[in-house]
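Below is one structure, written out as structure tokens; the observations come after it.
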Amino acid sequence: MMKRRVLIVSPHFPPINTADHQRIRMSLPYFAEFDWEPIILSVDTNFIEGIFDPNLSLTVPSNIEIIKSYAIPPKISRKVGMGNLALRSVPFLINTISKYLEKNSIDLVYFSTTVFITMVLGRYWLKRYKIPYILDFQDPWLSDYYDRTNNLPPGGKLKYAIAQAFAKTLEPFALKKASHITSVSPEYPKVLMQRYSWLKEEQFTVLPFGAPEKDFEILPSLKIKQQIFDPNDSYQHWVYVGRGGGDMSFSLKLLFSTIEIHREQHPEVWQKIKLHFVGTKYSIFDNNKEIEAIAKSYSIQDIVTEHPQRIPYFEALQVLVDSHAILIIGSDDASYSASKVYPCILARKPILAILHQQSLVVDVIRDCQAGYVITFTNDSIKIDLSDCVTQGIQWLLTFCNQDFVSTTNWQAFSLYTAKRMTQMLCNIFDKVVK
């Protein structure tokens, strides 16, 4: 049977260290098994600002075809105040695929990226080449979250306002002709159907990211020395790896305030504990340490360290593996789904998670018996949850030692593997092309 060919638009493809290619990178080893041949469309790394991890390229099968596009170099575009990768690359992406289709065929286009403006190319390729397209919403494109909560958006208010102005026009334009929409959160389909009455429930599939088992299989062979802490310095190191932001301040304040009280009551317990927050910023130009500032307000700044800049992907995995305990800090946005939960589970360390009750991650951790979960709702934000967090901290203190053996139910975890998620994605592809 001849495999059908799907063009996957992923501008930040490896070796760029970002989460928005995780779904695709995890799926690449399995597409052929389900009769699909992926072709990756990305932007050449010479035109991208970000953290590079050459080891990421080791996880991409050698037979995968990758098409590299040019873009306006950032050193030129930033002179006029433009750093947005989509705006710098869209004309080049159009030209690249036009040339490619002169000699090759494509059955389907799948946009799996948070470089949202590129999604409008689906309309162009559908009209010109009759190729159907699917959109993947890993994050909201158009959102009222920051207006509603008065939290500071990433990149600042002006930059975010400009991005949202584009989104108001381009989101419905891209969605209008999409054959299907996948999303990592069940909240996104609800919001989009409320916003656009012409969207129907059958056009959506909630599809979490797959777990990166293969990354953990090759991690020991890379012999990476992470630079965040010394795992043999007699301290217990608790780590959080992932973005920060105002939407996580409730979870952080709940954790820090409870630690402050527990420390006053049991000071000897905290003499050998350090908390590390790693890769909390989106921008490579932002080195502000808001989490350390919150820690200072609770007088625990001496045990909390924030590393704002993202580190290479495999170094981040090594941080998890070298840690004594893992923290998962949730957003007060019910739609936020933390894909980082899978590496945390695969690191086989005790996990303490503070999450919105509606987050998919809650079910993942509980179903797999992978850690201790504290949940809150929009209503309970005003309720004192310190007793729940105290119990969680005491649970963590009991298990965060070198002899810890993971209690995860790996049979339950198999539902979240990359192979399983790829099969579900390919089933969607089959329905669309038929």
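The values are calculated or read from the model by the stated rules, or taken from the named source; none is laboratory data. Keep in mind it's a predicted model, so treat the numbers as computed, not measured. Neighbour counts are summed over all protein chains in view; Cβ atoms, including those assigned to glycine, are modelled from backbone coordinates with ideal geometry.
Just checking, which of 281, 296 is out of contact with any Lys or Arg (no Cβ under 9 Å at 6 or more places or on another chain) and not polar (S, T, N, Q)?
Working: 281 fails: out of contact with any Lys or Arg (no Cβ under 9 Å at 6 or more places or on another chain).
Going through 281, 296 in turn, just one is out of contact with any Lys or Arg (no Cβ under 9 Å at 6 or more places or on another chain) and not polar (S, T, N, Q): 296.
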(message) Looking only at the range 400-411, how many residues end up being out of contact with any His (no Cβ under 9 Å at 6 or more places or on another chain) and closer than 30 Å to residue 275 by Cα?
(response) 7
(message) Looking only at residues that are crowded, with 24+ Cβ neighbours inside 10 Å and among the hydrophobic types (A, V, I, L, M, F, W, C) in the range 9-28, which one is farthest from residue 117 (Cα to Cα)?
(response) 26
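In the range 95-123, which residues are in a helix (DSSP H, G or I) and surrounded by 16 or more Cβ atoms within 10 Å (Cβ to Cβ)?
Step one: of the range 95-123, the residues in a helix (DSSP H, G or I) are 95-100, 116-123.
Residues satisfying the conditions are 96, 97, 100, 116, 117, 118, 119, 120, 121, 122, 123.
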(message) Quick check on this structure: which one of 314, 413, 399 is farther than 29 Å from residue 57 by Cβ and either polar (S, T, N, Q) or out of contact with any strand residue (DSSP E or B) (no Cβ under 6 Å at 6 or more places or on another chain) (or both)?
(response) 399
(request) List the number of the failed condition for residue 57; all other conditions in (1) within 22 Å of the chain's Cα centre (by Cα); (2) within 17 Å of residue 115 (Cα to Cα) hold. (result) (2)
(message) Condition (residue is more than 19 Å from residue 28 (Cβ to Cβ) and outside the structural domain of residue 342 (by TED's automatic domain parsing)) applied to the range 206-217: is it met by at least one residue?
(response) yes
(request) Test each condition in (1) at pLDDT below 95; (2) out of contact with any Gly (no Cβ under 9 Å at 6 or more places or on another chain); (3) closer than 27 Å to residue 343 by Cβ for residue 153 and report the one that comes out false. (result) (2)
(message) Considering only the range 111-120, I want to know if a residue exists there that is farther than 25 Å from residue 187 by Cα and not aliphatic (A, V, I, L, M).
(response) no
(message) When the residues of the range 124-156 are narrowed to those that are outside any loop (DSSP other than H, G, I, E, B) and among the charged types (D, E, K, R), which ends up nearest to the chain's Cα centre (by Cα)?
(response) 136
(message) So residue 421 ticks every box in (1) farther than 30 Å from residue 131 by Cα; (2) at pLDDT 90 or above but one. Which box is left unticked?
(response) (1)
(request) Could you list, in sequence order, all residues of the range 388-417 that are touching an Asp or Glu at 6+ places or on another chain (Cβ under 7 Å) and part of a helix (DSSP H, G or I)? (result) 412
(request) Please go through the range 157-210 and pick out each residue that is modelled with pLDDT of 95 or more, of a type in the set (Phe, Trp, Tyr) and in a loop (DSSP other than H, G, I, E, B). (result) 196, 198
(message) Could you check the range 25-66 and list, in sequence order, the residues that are free of Cβ contacts under 8 Å to residues at least 60 places away in the same chain and part of a strand (DSSP E or B)?
(response) 37, 38, 40, 41, 42, 43, 65, 66
(request) Kindly indicate the residue of the range 285-320 that is under 17 Å from the mean Cα position of the chain (by Cα) and charged (D, E, K, R) and also surrounded by the fewest Cβ atoms within 10 Å (Cβ to Cβ) among those meeting that condition. (result) 315
(message) Taking the conditions exactly as written (part of a loop (DSSP other than H, G, I, E, B), of a type outside the set (D, E, K, R) and over 18 Å from the mean Cα position of the chain (by Cα)), does residue 224 satisfy them or not?
(response) yes
